[in-house]
1. Here are 91, 40: which of them is assigned by TED's automatic domain parsing to the domain that holds residue 143 and either assigned to a loop (DSSP other than H, G, I, E, B) or modelled with pLDDT of 50 or more (or both)?
2. Determine which member of the set 103, 126 is touching a residue at least 24 places away in the same chain (Cβ under 8 Å) and either assigned to a strand (DSSP E or B) or among the hydroxyl-bearing types (Ser, Thr, Tyr) (or both).
Amino acid sequence: MMNRMLIYAATFALAMSATSFANASIISVGYATANTDDKVPNLDNSLQLPPIQWRLVKHSFRLHIPRNNKALSQLIIDAPPTVAVSNDIEVLDENGREININISVNGRKIIIHFPETVINNTQLNINLNKVKQPIQGSASIYKLLVKVVGSDIEIPVGVAQFTTF
């Protein structure tokens, strides 16, 4: 009886320490039968931590191309390891018209090629549709780089940060 109470107390303490990292998630305790033979290891209880839950979200950001800038040939999005981005990506101009793009993926980098010249002094709205991200955890931070027509240099233009909720 005393051993069982100690096990329950230890399980409760473990559950409380786990919830401090998991934002007070519910933890269920499963029961298992124990082998009462003292000659072999045995199991009293098992603990199941909550599984990571995912959701599909849309991450959108706006990229401003200044007046005196060369036209873009590529937009490179370095996706964080905490998300899975689908190939459902759209790029719209400031009037909401869809821009013709080609998409390629190289590891965590999503490369958006602009086969037609993207004019300067405009804003591009980039929509990453059907992004799979965990419900809990750290923010998703994308690093953004561009290449301009006639150059192979990747120019950092900033980051886009999306919090989990």
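The values are calculated or read from the model by the stated rules, or taken from the named source; none is laboratory data. Predicted, not measured: the structure shown is a model, and the values here were computed from it. When we count neighbours, we look across all protein chains shown, and the Cβ atoms used for this are built from the backbone with ideal geometry, even at glycine.
1. Details: 40 fails: assigned by TED's automatic domain parsing to the domain that holds residue 143.
Residue meeting the stated conditions: 91.
2. Details: 103 fails: touching a residue at least 24 places away in the same chain (Cβ under 8 Å).
Selected residue: 126, the only one of 103, 126 that is touching a residue at least 24 places away in the same chain (Cβ under 8 Å) and either assigned to a strand (DSSP E or B) or among the hydroxyl-bearing types (Ser, Thr, Tyr) (or both).
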